[in-house]
Amino acid sequence: PLTATVNKQDRLEIGGCDLQTLVKQFGSPLYVLDEATLRTACRQYREAFNTYYQGTSQVIYASKAWSCLAIVSIVASEGLGFDVVSGGELHTTIKALEAMGWSTEQIAQQIYFHGNNKSHQELIFAIEIGCTIIVDNWLELETLVKLGNQTGTLSIPILLRLTPGIECHTHEYIRTGHLDSKFGFDPNQLDAVFTYVSQQPTLDCRGLHAHIGSQIFERQPHQDLGLVMVEWLKKAQNHGLVLQELNIGGGLGIRYVESDDPPSIEQWVKTVSESVMKACEIHQLPLPKLIAEPGRSLVGPACVTAYTIGSRKEIPQLRTYIAVDGGMSDNPRPITYQSRYRTVVANRMSEPCTETVTIAGKHCESGDILIKDAQLPQTQPGDILVVMATGAYNHSMASNYNRLPRPAAVLVQEGEANLIVQRETYEDLLRQDRLPQRLLS
Ligand code: LLP
């Protein structure tokens, strides 16, 4: 978890940096990413696989959680690869790795390209780079064969994504593994898919992929997934396909509020490793290269969002609202998934919590509520409210709703803060606008 401390001025520090000072320097709202926490989570995944899985393994970061040049470069330096789901995420990853001096071959080996509706342009981009494409459906399989023939490419590395039909208890919108999902091949079509793939010299099918959902606390679904996927490997073998890679997706949940109780990274890796090893033993298969693609559990706990408190509205006997200078545009998760968050007042860390307030954003929308019924000390306008564990699916899902410029992000480490995403300006908001001449006359 996050390395947060309270300094002599009774103020919150993260990565040795005082939050109030950071806001003075970089503005508000502000995403504050703790480098040590991110690096530790990367290491926990790598070390746990080395400990519990007897075959080779690879951890790839699900960029959708938050992709930017600095994060790619930190994650890559910890030995992780990347799951990308769009040309934009692919471009960002390539640019960061090139800046680190990586060759195209090195880059290609570390990238897996996902998506249920990749465009021709995106597929060609992926083919040119040479990364592994995780094929989602029949159209994509056939398109790849065509594009491979057009570009004279043989052996395009692919994994096949399948829908495992495993239920898990997470929000409906972030469940992906149940049979009624838009992602992946129906496992009932496995025979047909394997037959087709084994006849295509354009394709080099390396293995299988499945992902059952996100923010998952139970261990059983991933244990079941390991067993199901190894059965598929066996089936592939019966078709004469020797598949060396098994990608079990991501999905490990994190603690947002006290009552959340997810397994640790180590426990999760142990569960999936043991499940795959056991199933391989039963089916007498060699251990595949086991790939996991976590997003939230790597970057989620490593970041907080600092806001400045503004107006206050008291409705007697009903509710007190405290408004902050951001909201659903920098964190759309509460309004989208009813997600809950923990909060503290950065400049009143040891003051007792004496009131229950609802933290509202500044957007013109009644549902723009960040936290309902938070326990806070008595606050004043200008105080710094910090929302914890905002690293995953916050900046990456941020919008310009109501034409709010998106906040800056800083990376903190041993008392040093570096800007990693610049705050948008009003000019940035106009950058893509065009005004046709005829509207001016
Ligand atoms: N692999 C695939 C194929 C995925 O679809 C996802 C997440 C991941 C890996 C990473 O899952 P994680 O380890 O982060 O749980 N916007 C939602 C989450 C959507 C997750 C989509 N897929 C949220 O804010 O909760």
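Bear in mind these aren't lab numbers, they're just calculated from the coordinates by the rules spelled out. These numbers come from a predicted model, not from an experiment. Glycine gets a Cβ as well: all are built from the backbone with ideal geometry, and neighbour counts include every protein chain shown.
Between Q109 and T21, what is the label-to-label distance in nm when each label sits 7 Å out along the Cα-to-Cβ direction?
Calculated label separation equals 4.2 nm.
If you take all C-alpha pairs in region 35-298, what percent of them are over 29 Å apart?
In whole percent, the share of Cα-Cα pairs in region 35-298 beyond 29 Å is 27.
For region 379-441, state the average projected area of the convex hull of the C-alpha atoms over all orientations, rounded to one decimal in nm².
Computing the convex hull of the Cα atoms and averaging its projections yields 7.5 nm².
Report the number of Lys pairs in region 35-298 whose alpha-carbons are under 16 Å apart, with separation of 8 or more residues or on distinct chains.
Value for region 35-298: 8.
What is the gain in length, in nm to one decimal, between E351 and K182 on full extension, counting 0.36 nm per residue of separation less the C-alpha to C-alpha distance?
56.0 nm
Can you find, among I166, Y52, H120, the residue sitting farthest towards the positive end of the charge dipole of region 35-298, where Lys and Arg contribute +1 and Asp and Glu -1 at Cβ?
Y52
For R431 and N7, calculate 0.36 nm times their separation in residues minus their Cα-Cα distance, and state this gained length in nm to one decimal.
Taking 0.36 nm per residue and subtracting the Cα distance, the gain is 148.5 nm.
Most exposed first by the Cβ proxy, i.e. fewest other Cβ within 10 Å, how do W138, W232, W268 rank?
So the residues, fewest neighbours to most, are W138, W232, W268.
Please get the size of the charge dipole for region 1-99, origin at its Cα centre, with Cβ charges of +1 on Lys and Arg and -1 on Asp and Glu, quoted in debye to the nearest 20.
Rounded to the nearest 20 debye, it is 60 debye.
Just to be sure I understand: if I project the alpha-carbon convex hull of the chain onto a plane and average over all orientations, what area do I get in nm²?
Values: hull surface 99.5 nm².
Reported value for the Cα convex hull: 24.9 nm².
Report the gain in length on full extension from N116 to T153: 0.36 nm times residue separation, minus Cα-Cα distance, nm rounded to one decimal. Mind dumping the intermediate values first?
Details: separation 37, 0.36 × 37 = 13.32 nm, distance 2.22 nm.
In short, 11.1 nm is gained.
Using the crude model of +1 on Lys and Arg Cβ and -1 on Asp and Glu Cβ, and no other charge, please compute the dipole size for the chain relative to its Cα centre, in debye to 20. Kindly include the intermediate steps, with their values, before the conclusion.
Values: 37 positive and 48 negative charges, 106 e Å.
About 500 debye.
How big is the Rg/Rh ratio for region 144-253, C-alpha atoms only, Rh by Kirkwood, two decimals?
1.02
Which value, in debye to the nearest 20, gives the size of the charge dipole of region 35-298 about its Cα centre, when Lys and Arg are +1 and Asp and Glu are -1 at the Cβ?
With Lys and Arg at +1 and Asp and Glu at -1, about 280 debye.
Can you give me the angle between helix 35-52 and the longest principal axis of the chain, using Cα atoms only, in degrees from 0 to 90, rounded to the nearest 10?
30
Please give the FRET efficiency for V242 paired with E266, using the beta carbon to beta carbon distance and R0 = 35 Å, rounded to the nearest 0.05.
My answer for the efficiency is 0.65.
Estimate the FRET efficiency between E365 and I315 by the formula 1/(1 + (r/R0)^6), using the beta-carbon distance for r and 25 Å for R0, to the nearest 0.05.
After rounding to 0.05, the efficiency reads 0.85.
I'd like the orientation of helix 87-99 relative to the chain: the angle between its Cα long axis and the longest Cα principal axis, in ° from 0 to 90, rounded to 10.
It is inclined by approximately 90 degrees.
Could you calculate the FRET efficiency of R342 with S77 from 1/(1 + (r/R0)^6), where r is the beta carbon distance between them and R0 is 30 Å, rounded to 0.05?
0.50
Where does helix 265-283 land angle-wise versus the long Cα axis of the chain, in degrees 0 to 90, nearest 10?
Its long axis makes an angle of about 10 degrees.
Give me Y401, Y61 sorted ascending by neighbouring Cβ count inside 10 Å, so fewest comes first.
Y401, Y61
With a/c under 1.5 counting as rounded, go ahead and sort region 2-94 into rounded, prolate or oblate using the C-alpha gyration tensor (a ≥ b ≥ c being the square roots of the eigenvalues; past the cut-off, prolate if a/b is larger than b/c, else oblate).
Values: a/c = 3.90, a/b = 1.55, b/c = 2.51.
Because a/c hits 1.5 or more and a/b fails to exceed b/c, region 2-94 counts as oblate.
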